[in-house]
Amino acid sequence: MSMNRRGFLKTTGAGLMAAAFPISLVKLAFGGQDPSRDFTFGYISDAHIQQIKGTQFVRNWDMGLIRAVREANLLSPRPDFFMFGGDLAQLGKKEELDHGLEIMSSLRGKVRYVIGEHDYYLDLGQYWEDKISPLYYSFDHKGVHFVVLNSILTDDSWTHKKWPSPMDRMLAMARLDNPNGSPFMVGDEQLAWLKKDLAKFDRNTPVVVFSHSPIQKIFKPWNFWTQDAEKVQALLKPFEKSTVIYGHVHQIQYNQIGNITFHAVMATAWPWPYPESYSQLASCLPKITVPMNRADPFFERDATGWQFVDMQNGKTAMHYQLPDNKNRTVAFDAATGKPQDVKYQDFSRRIPPQTHF
Ligand SMILES: [Fe+2]
Ligand SMILES: [Fe+2]
């Protein structure tokens, strides 16, 4: 495997910007494979746009999304398309979704959307469906089958219980560690749809699933969890190359379960701590994940970010773009059969935040 530097920076007219953010699309060349099938797409997630009142929104969350869009617009060659991974809004309000969409509208290229719980639990996805995107769907691109799931559903008895108001329901789901929340699930209706959708493809077709919550069980008290994850995994099992890319956890995670590769994406808003920091309860952070540095509070964008994804011969390489930190790439390694961040396997090479000074 050789590294091939291709494409480079768009002229921004600002040398400073170029120095601060040299965006290059680094392609991994695979001998003997069909390079015409290789492509990249961009991924932005968890913006959490939050209204204060009227036209006032939380500046920090706005700036995270604005920065990701600006940086993504500098990518050259252009990614084939973009995904937004959910939690565009903080409390599901029309004003928040509209403001988030307005920022996203300056992103150059086709954008598709995954719904998050912060977008859903105020009006149960009504505005999202009317204005932004279906809640679940699939599409095909250059021989890869992509599936978007709504993985943040929960029991009807919880969703439809007598809440004082829809906002009370939203607030119950919006808090990270609220004991009155409810575990996420994909649900039987969508599982039946997924089974039918995948039946059209043979086992050699690469499949990529986009979800908001992890389609694996990592830490239930914070809902880093999907209750029926194993049922989705069972449907993906026959496919030799399958990948699940999820948001929601606001941190780098990766895993391999059988043939299924898992990648988490970064938030543009804020980082969550790793569950293991809450040592009172056992967590199942995938053992192969090398955690990120602890966020440096002196840098408001540290431990936030966005990413672009290389699809090479149906396998994914996740390029994390991390403002105020070193970018990272987690790529599937055919030799070990799992995704790896080779540079960061060696803990002594990780960068403590103090290196900023
Ligand atoms: Fe989020
Ligand atoms: Fe979320």
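Just a few scattered comments:
- Some residue of the range 93-102 being among the hydrophobic types (A, V, I, L, M, F, W, C), within 16 Å of ligand 2 (Cβ to nearest atom) and either touching a residue at least 60 places away in the same chain (Cβ under 8 Å) or in contact with a strand residue (DSSP E or B) (Cβ under 9 Å, 6 or more places away or on another chain) (or both): yes
- Residue list for the range 49-62, filter: within 16 Å of ligand 2 (Cβ to nearest atom) and out of contact with any Ser or Thr (no Cβ under 8 Å at 6 or more places or on another chain): I49, Q50
- Considering the range 219-249, the residues that are more than 20 Å from M311 (Cβ to Cβ) and of a type in the set (V, I, T) include one that is farthest from ligand 2 (Cβ to nearest atom), namely V232.
- Verdict on Q256 being modelled with pLDDT of 95 or more and within 16 Å of ligand 2 (Cβ to nearest atom): no
- If only residues of the range 265-283 that are assigned to a loop (DSSP other than H, G, I, E, B) and modelled with pLDDT under 90 are counted, the one that is farthest from the chain's Cα centre (by Cα) is Q280.
- Number of the exception - L65 against (1) within 16 Å of ligand 2 (Cβ to nearest atom); (2) touching a strand residue (DSSP E or B) at 6+ places or on another chain (Cβ under 8 Å); (3) part of a loop (DSSP other than H, G, I, E, B); (4) not β-branched (V, I, T): (3)
- Contact annotation: residue pairs with Cβ atoms under 7 Å, 6 or more positions apart or on different chains, pairing a residue in the range 70-91 that is of a type in the set (D, E, K, R) with a partner that is assigned to a helix (DSSP H, G or I), are D87/H118; D87/D119.
- Considering residues of the range 103-134 that are of a type outside the set (G, A, S) and in contact with an Asp or Glu (Cβ under 6 Å, 6 or more places away or on another chain) only, the residue nearest to ligand 2 (Cβ to nearest atom): H118
- Checked against the criterion of being under 30 Å from Q280 (Cα atoms) and away from ligand 1 (no atom under 16 Å from the Cβ), the candidates R203, R175, R169 yield just one match: R169.
- Filtering the range 133-170 to residues that are part of a strand (DSSP E or B) and in contact with a Gly (Cβ under 9 Å, 6 or more places away or on another chain) leaves V144, L153.
- So Y43, is it among the aromatic types (F, W, Y), within 16 Å of ligand 1 (Cβ to nearest atom), outside any loop (DSSP other than H, G, I, E, B) and modelled with pLDDT of 95 or more: yes
The values are calculated or read from the model by the stated rules, or taken from the named source; none is laboratory data. All values derive from a computational prediction rather than experimental measurement. Positions of Cβ are generated from backbone atoms using ideal geometry, with glycine treated the same way; all protein chains shown enter the neighbour counts.
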